[in-house]
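Step one of this worksheet: look at the structure below.
Computed from the coordinates by the stated procedures, all read-outs in this text should not be read as laboratory data. From a predicted model like this one, the values you see are computed outputs, not experimental measurements. When we count neighbours, we look across all protein chains shown, and the Cβ atoms used for this are built from the backbone with ideal geometry, even at glycine.
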Amino acid sequence: MSAGGAPVDTVPAGVESASGVDAVLAGLRRHARDLVAELAGPVRRVRLRSGDTVLEVEWHGGAPVDAPPGGGPVAARPAPPPAGDDAGRYAVCSPIVGTFYRAPEPGAAPFVAVGDLVRPGQVIGIVEAMKLMNEVTAERGGRVAEVIAADGQPVEYDQPLLALDPA
């Protein structure tokens, strides 16, 4: 009770309510997204703190993430051409760690299928990372020779998603 007789909702010092922690984490996630988007170079690890609440995100796989996790298009890096029979073929690789989806939503047609002609900048799939949908685009054009990653499959940084033959 306060001096005026009205009840007071108190939380002990150093203890945050569940909804308070959720609000603080939401703010930290927003700041992390903004920070990564503003940085000029690649990011491997982000750690933000507000009071007792800490948000830490680290990308594994050796190479750093250099794209903002803002849900916008992310250009995939083509892998070097493999040797042997597939000398002209190259792979469109995942630019981030997450879950690969071949279609824009469940039940929809996939972005591309084997035999489709892909032009530079075309969306070939989505990688979901931290509840953000990141469009993956082909850096070069070609004909889809093979879909390597299955729909809904967890993928690592620089993992091949599909193979393109030059068109």
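Quick look at the numbers
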| quantity | calculated |
| --- | --- |
| Radius 14 Å from Cβ of P104, net charge of other residues (Lys, Arg +1; Asp, Glu -1) | -3 |
| Sorted by Cβ density within 10 Å, fewest first, the residues S50, S94 | S50, S94 |
| Spin-label pair R30/E139, simplified geometry with 7 Å Cα→Cβ offset, distance in nm | 3.4 nm |
| Computed lengthening from E105 to A37, 0.36 nm per intervening residue step minus Cα-Cα distance | 21.9 nm |
| Residue order, fewest to most beta carbons within 10 Å, for T137, T53 | T53, T137 |
| Around L162: net Lys/Arg minus Asp/Glu count, Cβ-Cβ under 12 Å | -1 |
